[in-house]
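Reading through the structure tokens given below for one structure.
The values are calculated or read from the model by the stated rules, or taken from the named source; none is laboratory data. As the structure is a prediction and not an experimental result, all values here were calculated from the model. FYI the Cβ positions are ideal-geometry reconstructions off the backbone, even for glycines, and counts take in every protein chain you see. Surface accessibility is based on the protein's heavy atoms, side chains included, excluding ligands, DNA and RNA. Shrake-Rupley method; radii C 1.70, N 1.55, O 1.52, S 1.80 Å.
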Amino acid sequence: MKLQVNAGRIEDTSAEAILLFHFKDETLGGLSKHVDEKLKGQIGAVLKNREFIGKAGQLYLVSINLEKIGIKRVILAGMGGRNEFTLDKLRGAASKGANYAKNLGLKHLAILHPLEAPVAIEETAAALTEGVMLGTYQYNKYHTEERSEIKTLDSVSIYTDVNKVKNIQKAVEFAETVCNATNLTRDLNNEPGNVGTPTYMAKMAEEAGKKHGFKVKVFGKNEIEGMKMHSFLSVAKGSVQEPKFVVMEYNGGGKDAIVLVGKGITFDSGGISIKPSRDMEKMKWDKSGACSVIGAMSAAAALKLPLHLIGLTPFTENLPSGSASKPGDVVYASNGTSIEIQNTDAEGRLVLADALVYAQKYKPKAVIDLATLTGACVVALGDVAAGLMGNDEKLIEKIRKASEKSGDKCWHLPLWKEYDEKIKSDIADIKNVGTPGGDAGAITAAMFLKRFVNYPWVHLDIAGTAWNDYEKPYLTKGATGFGVRLLIEMLRD
Ligand code: BES
Ligand code: MN
Ligand code: ZN
């Protein structure tokens, strides 16, 4: 989809429809009013008879048939009351309007930038771009039938005031890059387990590096053994697929490194502690964290952010077999910590442990890991927010702020030392599960990770937010790309 910002007169657009945003129970103002005058009051009439009032989520199609006016259709998208405005409401309205045009089979949509929204125009421009680009995302790689019926918007022109066009252009371009990276993350993550193997994912990371300008080093099994990552390797043991440890590096300046770590389980069956078959197919998305790291690296490099950024993504499958790890096995992580594997389904923390130790060598000023780590986090926060935990109040607060702005919601959970008791093992330093009942499971998993960090660190448990089981306002079913917008929002300042 091509996006452009236009300072021309929207009534002269060649687009097949124009999309107007409208606050609930308000009259037309600004450019909307100007458009309505050109359309001889046809929009005003719809508002007047209250067929459309601008409720959040409301859509209305006005068909235009006027001589000497090119505009054929106006799509009205409700944004709800002005006093309850949020950027997420605009994202939702933009997505709805764009999808409506797309589903009509239209190719070119003009959008009037909502200049009168009560926040900075750069923010509305970005939110509007996100709604359009994330909301119209579709994953249809594997459909072989009716491909000719797949509908896509080819271009979107955003119209605004002449004196605002520069700022809006900048914001739209920035958001477009972030959305492309988010949709790349979704593509990678939606890849099924038989294709999206560790080897394939490593190759995709290399491709992203080539395209966007960051270095990628891929370590195979022998090298991972050489680095003594036996915690990571204990998960890979049951699979015939070779594990891969991917190191990405982008240096756009910046003294101290920031490291992003992503859990990359390309399929999580649970291993010998096998999962029930119901919903197991969703465990192809257990590589969400790693995919978000590849996306964030891509965006940061494409945007040339002045940072030294490292991405670490350990990839492996977690499968049962004669060579798989067994409950009760003890292994040593690369820092020498001994771990009793009480449950082979708590594999995420085992692969992250070695990646977090690896991060130490950069003496980073911040490390952020993203992982679909625990079902307990889904119980606590559902599909609305990610669990946010860490050892550094300043970093936690930074992420929390970025979360509010970006729409990737996070909620802080404590890592008090009392929780540390729960991962003590009888025969090793620690065990990979907390209490048998799974109490505070998201926290005890993070307490496990905490054993492997010696730097400012934040852990995001994205088990509930990394994919959608049903349509959301601007994030369709499947992988959401959670974390890319959040990380870039945090890294940009
Ligand atoms: N990948 C799962 C966590 C998960 C579950 C993510 C549901 C998304 C949806 C993880 O590897 C896992 O299996 N965790 C276990 C840990 C337990 C054995 C301590 C869990 O949450 O049940
Ligand atoms: Mn598991
Ligand atoms: Zn898992």
Checklist line | Value at 222 nm in deg cm²/dmol, rounded to 500, when DSSP H runs of n ≥ 4 in the chain each add -39,500 (n - 2.57) | finding: -10500 deg cm²/dmol
Next item on the list: In vacuum, with every alpha carbon of the stretch 169-287 counted as one equal point scatterer, what does the Debye formula give for log10 I(q)/I(0) at q = 0.15, 0.18, 0.19 Å⁻¹? Two decimals, please.
Entry: -0.81, -1.08, -1.17
Notebook entry, point to check: Mind checking the alpha-carbon convex hull of the stretch 44-139 and giving the volume per residue in Å³?
Noted result: 116 Å³
Item checked: Largest-first principal axis extents of the Cα set of the stretch 2-162 (Å) -> 47, 38, 32
Note to self: Please list, short to long, the whole-number percent of alpha-carbon pairs of the stretch 315-387 in consecutive 10 angstrom bins beginning at zero.
What the structure shows: 15, 40, 34, 11, 0
Next item on the list: Please report, in Å, the Rg and the Dmax of the stretch 369-493, where both are computed over Cα atoms only.
Entry: 15.0, 49
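Contact order normalised by length for the chain, with contacts defined as Cα pairs under 8 Å and 6 or more residues apart; what percent is it? The partial results should precede the final answer.
Details: 1166 pairs, mean separation 71.8, N = 493.
Contact order relative to length: 15 percent.
For ARG492, what charge total do you get from the other residues with a beta carbon under 15 Å from its beta carbon, if Lys and Arg give +1 and Asp and Glu give -1?
Numbers: positive: LYS170, LYS304, LYS398, LYS401, LYS405, ARG485; negative: GLU122, GLU123, GLU130, GLU173, GLU176, GLU404, ASP408, GLU489, ASP493.
Value of the local net charge: -3.
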Item checked: Cβ crowding within 10 Å averaged over residues, with 475-487, 409-421 ranked highest first -> 475-487, 409-421
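At a 1.4 Å probe radius, carbon and sulfur cover how many percent of the accessible area of the stretch 180-491?
Details: 6290 of 11870 Å².
Roughly 53 percent of what the probe reaches on the stretch 180-491 is carbon or sulfur.
What are the trypsin sites (Lys or Arg not before Pro) within the stretch 139-191 that DSSP puts in a loop, where the Cβ has at most 16 other Cβ atoms within 10 Å? Working shown, then result.
Numbers: sites: LYS141, ARG147, LYS151, LYS164, LYS166, LYS170, ARG186; in loops: LYS141, LYS151.
Filter output for the stretch 139-191: LYS141, LYS151.
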Note to self: Checking the cross-link filter: which lysines have an alpha carbon closer than 22 Å to that of LYS211, excluding same-chain neighbours under 8 positions apart?
What the structure shows: LYS2, LYS141, LYS170, LYS203, LYS244, LYS287, LYS304
Notebook entry, point to check: Under a straight-distance cross-link criterion of Cα-Cα below 16 Å, which lysines are reachable from LYS48, leaving out those fewer than 8 residues away in the same chain?
Noted result: LYS24, LYS33, LYS40
Item checked: Projected label distance in nm at ASP161 and GLU173, using a 7 Å step from Cα toward the beta-carbon -> 2.2 nm
Check: Based on Cα positions only, what radius of gyration and what Dmax would you give for the stretch 180-491, in angstroms?
Finding: 17.4, 49
Item checked: Sequence ranges 12-20, 362-370, 443-451, 40-48, ranked by mean other-Cβ count within 10 angstrom, highest first -> 443-451, 362-370, 12-20, 40-48
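Which value, in Å², gives the accessible area per residue of the stretch 346-493 when a 1.4 Å probe is used on the protein heavy atoms? It would help to have the intermediate numbers written out before the result.
Values: 5900 Å² over 148 residues.
Per residue, the stretch 346-493 has 40 Å² of solvent-accessible surface.
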Notebook entry, point to check: Leaving out ligands, DNA and RNA, what percent of the accessible area of the stretch 1-122 is carbon and sulfur, probe 1.4 Å?
Noted result: 48 percent
Next item on the list: Please express the shape of the stretch 142-228 as an equivalent ellipsoid: the semi-axes are the square roots of 5 times the eigenvalues of the C-alpha gyration tensor, given largest first in whole angstrom.
Entry: 36, 23, 8
Check: Can you list the aspartates and glutamates whose alpha carbon is less than 16 Å from that of LYS55, not counting same-chain residues fewer than 8 positions off?
Finding: ASP25, GLU26, GLU84, ASP88
